[in-house]
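The values are calculated or read from the model by the stated rules, or taken from the named source; none is laboratory data. Remember, predicted model here, so these are calculated numbers, not experimental data. Virtual Cβ from ideal backbone geometry, glycine too; neighbours counted across all protein chains shown. Side chains included, ligands, DNA and RNA excluded: accessible areas come from the protein's heavy atoms. Shrake-Rupley method; radii C 1.70, N 1.55, O 1.52, S 1.80 Å.
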Amino acid sequence: MPELPEVETIRTGLEPKLVGRTLARVEIDDPRLTRPHDPREIAAELEGETVEALERRGKYLVVRFVSDRALLIHLRMTGGLLLGAGGLPADDPYRRAVVRLDNGSDVAYRDVRRFGTWLLLEPGELDPYLDARVGAEPLGRGLTARRLAEPIARRRAPLKAIVLDQRLFAGVGNIYADEALWWARLHPLRPANEVTSEELAELVRGVRRALRLGIARQGATLRDYRSSDGASGSMQEEFRVYGRDGEPCRRCGHPIEKTRVAGRGTWYCPACQR
Ligand SMILES: [Zn+2]
């Protein structure tokens, strides 16, 4: 949390408010956000930059500046960005940074557990940085079963771990991995190298279906996630397996079970996921 649909929801909410605006004043109160760099130095570097585009790659938010520099934001566990048109409440103990735009509105970065990161990249640094960490966008044309077949055939890891690999399925985290495997009717513990090409195609379809549903529902609100205008998402009402142990499978009625795969809580239907 937050995963691709939550980050995309934040991006689409902020994009029209940020693009074309100049960062007039930047305050970063938490050294963990920018480490190993001094937060005051990063804040000073950001002041005066004008936003050219707000993009997303996997779970990263990418603020591209007209200068060709970029601010790469990873929300990790509990990070979020909130827009306040006429200022923000001053008493939020989890606020870590505030950006004042040239039109007087504020964007606040909030993070309860403080694992999120802000990384300022110089021109030319962004693409190599992302290419080393993030695979093709699952909702774009770059991700196909045909291209995944070769890397997956060499892996004996359980499918759940494969779906969590950011270089294969960018932006998918624990929630959408379980949901995708349910849609694909694939067991999370199946060794990846035993999956047929038809099943791999089902997996790609399942990942897309789960992510699209998440975007349509503006993300899942379990603990701290909020969209940029403070609204909750409703994807949690659509969960087929995640967090539903003991409840009936919506496809076959068998009770959903919980196990652990790759150290992560994993929910699945033992009857219709093979
Ligand atoms: Zn079932």
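Please report the accessible area of residue 254 (heavy atoms, 1.4 Å probe, ligands and nucleic acids excluded) in Å², nearest 10.
Number for this one is 70 Å².
When we measure straight from the Cα of residue 17, which lysines land under 23 angstrom away, once same-chain ones fewer than 8 places off are left out?
Within the straight-line cut-off, residue 17 pairs with 59.
Taking only DSSP H segments of four or more residues, each worth -39500 (n - 2.57), what value at 222 nm results for the chain once the sum is divided by all its residues, to the nearest 500 deg cm²/dmol? Walk me through the numbers before you get to the answer.
Details: 8 runs with 78 residues, N = 274.
Here the helix-only value at 222 nm equals -8500 deg cm²/dmol.
Can you pull a Stokes-Einstein diffusion coefficient for the stretch 186-269 at 25 °C (0.890 mPa s), Rh from Kirkwood over Cα pairs, as a whole number of µm²/s?
Details: Rh = 14.5 Å.
Answer from the Stokes-Einstein relation: 169 µm²/s.
Two decimals, Cα atoms only, Kirkwood Rh: what is Rg/Rh over the stretch 68-137? If you can, show how the numbers build up before the last one.
Values: Rg = 14.4 Å, Rh = 13.8 Å.
Taking Rh as the inverse mean 1/r over Cα pairs, Rg/Rh reads 1.04.
What part of the accessible area of the stretch 19-74, given as a whole %, is carbon or sulfur when the probe is 1.4 angstrom? Provide the component values of the computation, followed by the final result.
Values: 1150 of 2660 Å².
Looking at the stretch 19-74 in its full context, I get 43 percent from C and S.
In the full protein assembly as shown, how much of residue 232 is accessible to a 1.4 Å probe, in Å² to the nearest 10?
70
Between the stretch 196-238 and the stretch 21-67, how many Å separate their Cα centres?
Centre-to-centre distance over Cα atoms comes out at 27 Å.
Ratio to report: Rg/Rh of the chain, with Cα atoms as the point set and Rh obtained by the Kirkwood method; give two decimals.
Values: Rg = 19.7 Å, Rh = 19.6 Å.
My calculation of the ratio gives 1.00.
Just read off the accessible area of residue 260 with the full protein assembly in place, 1.4 Å probe, to the nearest 10 Å².
Counting only protein heavy atoms, the figure is 150 Å².
With the full set of protein chains in place, find how many percent of the accessible area of the stretch 144-233 is carbon and sulfur; take the probe as 1.4 Å.
Numbers: 1870 of 4080 Å².
The C+S portion of the solvent-accessible surface of the stretch 144-233 is 46 percent.
Once a ≥ b ≥ c are taken as the square roots of the eigenvalues of the Cα gyration tensor of the stretch 1-105, is the result rounded (a/c under 1.5), prolate (a/b larger than b/c) or oblate (a/b not larger than b/c)? Working shown, then result.
On the way: a/c = 1.16, a/b = 1.05, b/c = 1.10.
Cα axes put the stretch 1-105 in the rounded bin.
With the other protein chains left in place, how much accessible area per residue, in square angstrom, belongs to the chain at a 1.4 angstrom probe?
Numbers: 12710 Å² over 274 residues.
Per residue, the chain has an accessible area of 46 Å².
If I take R0 = 25 Å and measure r between the Cβ atoms of residue 198 and residue 245 in this structure, what FRET efficiency does the formula 1/(1 + (r/R0)^6) give, to the nearest 0.05? Intermediate values should be presented prior to the final figure.
Working: r = 29 Å, r/R0 = 1.16.
Efficiency computed from Cβ-Cβ geometry: 0.30.
Sort the stretch 127-253 into rounded, prolate or oblate with this rule: let a ≥ b ≥ c be the square roots of the eigenvalues of the Cα gyration tensor; rounded if a/c is under 1.5, and if a/c is not under 1.5, prolate when a/b is larger than b/c, oblate otherwise.
Working: a/c = 2.08, a/b = 1.22, b/c = 1.70.
Cα axes put the stretch 127-253 in the oblate bin.
Once you have a ≥ b ≥ c as the square roots of the Cα gyration tensor eigenvalues for the stretch 79-196, tell me rounded if a/c is under 1.5, and otherwise prolate or oblate according to whether a/b is larger than b/c. Write down the numbers at each step before the final one.
Numbers: a/c = 3.06, a/b = 2.07, b/c = 1.48.
Cα axes put the stretch 79-196 in the prolate bin.
Which lysines does residue 258 reach when only Cα atoms under 19 Å apart count, and residues fewer than 8 places away in its own chain are ignored?
160
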